[in-house]
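Here the structure is laid out as structure tokens; the discussion comes afterwards.
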Amino acid sequence: MAQASVSNGVLRRLLAADLSGFRDHLLRLDSASRRSRFGMEAPDAFVEAYADRCFGIDDVIYGFVSEGVVRAAGELRGIGHNLPLGIGASAEAAFSVEVEWRRQGIGARLMSRIVRAARNRRAEVLYMSCLANNEPMLRLARKFSAQLRYEPQAALGEIAPRAPTPATYLGEAADDFTGFATAMMDLQRRGAELR
């Protein structure tokens, strides 16, 4: 399976080595985008502390990377339990795309990866929450057949992922392999630029 190219970049799984790039991506979000992503005002210190807690055992993060820079991210995180995400567990999805990279289908491709990752980890329910006026996120939720529930200031989407198949496992493994190779080439390129 080929790695997904979008415009001038690739979608790949982010590794712990990508922490600073992921953090920088979140810090580049303007205040409206941060409010949409976190559901509240999110000052730099909050964003930095949040990023530092990512890449745990239950975290699967895909990113859109252009010229070695993370420009968008889709996150999957297990919720409501103390064990790794697995059979019967619930998971949460979150997304962020920098303004200049929107309206190119990046969010939908990230969502596809996150739904597949939840499926492969046998999540019973995948939750998405957003501000009630976040129309791009609501469109994305509808595109993936999320059941939406509205509250005064927020909307909550629920997706019940289907059971995994050998093809979904293989697809994720192939994406992870090519993503790792791309990450290593990015690291090598950045190392060469520093010399």
- prompt: For V69, all conditions in the list (1) β-branched (V, I, T); (2) surrounded by 22 or more Cβ atoms within 10 Å (Cβ to Cβ); (3) more than 23 Å from E135 (Cα to Cα); (4) free of Cβ contacts under 8 Å to residues at least 60 places away in the same chain hold save one; what is the number of the exception?
  reply: (2)
- request: Looking only at region 1-31, count how many residues are modelled with pLDDT of 90 or more and closer than 15 Å to V99 by Cα.
  value: 8
field: Inter-residue pairs, beta-carbon under 6 Å, first within 14 Å of A123 (Cα to Cα) and in region 144-166, second in a loop (DSSP other than H, G, I, E, B) and modelled with pLDDT under 90, 6+ apart
entry: P161/A123
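Residue by residue, here is whether (1) surrounded by fewer than 22 Cβ atoms within 10 Å (Cβ to Cβ); (2) within 23 Å of V65 (Cβ to Cβ); (3) of a type outside the set (G, A, S) holds:
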residue	(1), (2), (3)
R103	yes, yes, yes
V115	no, yes, yes
R119	yes, no, yes
A123	no, no, no
message: Suppose we filter region 122-136 for residues that are within 16 Å of F38 (Cα to Cα), among the hydrophobic types (A, V, I, L, M, F, W, C) and modelled with pLDDT of 90 or more; how many remain?
response: 1
statement: Listed by first then second residue, the pairs whose first member lies in region 49-64 and is over 14 Å from R12 (Cβ atoms), whose partner is part of a strand (DSSP E or B) and among the small types (G, A, S), with beta carbons under 6 Å and at least 6 positions apart or on separate chains, are D58/G78
task: Give region 139-162 a look and list any residue that's loosely packed, with under 13 Cβ neighbours inside 10 Å and either part of a helix (DSSP H, G or I) or in contact with a helix residue (DSSP H, G or I) (Cβ under 7 Å, 6 or more places away or on another chain) (or both), or say none.
output: R139, R142, K143, R162
message: Being over 17 Å from the mean Cα position of the chain (by Cα) and basic (K, R): is that true of R149 here?
response: yes
- request: Give the number of residues within region 34-75 that are more than 16 Å from the chain's Cα centre (by Cα) and either polar (S, T, N, Q) or more than 24 Å from L138 (Cβ to Cβ) (or both).
  value: 8
task: For S36, indicate whether it is polar (S, T, N, Q), within 22 Å of R109 (Cα to Cα), surrounded by 11 or more Cβ atoms within 10 Å (Cβ to Cβ) and at pLDDT below 90.
output: yes
message: Here is a check on your reading of the model: is R12 closer than 26 Å to S90 by Cβ, part of a helix (DSSP H, G or I), of a type in the set (K, R) and in contact (Cβ under 8 Å) with a residue 60 or more places away in the chain?
response: no
query: Does R71 satisfy being at pLDDT 90 or above and touching a helix residue (DSSP H, G or I) at 6+ places or on another chain (Cβ under 7 Å)?
result: yes
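The values are calculated or read from the model by the stated rules, or taken from the named source; none is laboratory data. Because the structure is a prediction, the values reported are computed rather than measured. When we count neighbours, we look across all protein chains shown, and the Cβ atoms used for this are built from the backbone with ideal geometry, even at glycine.
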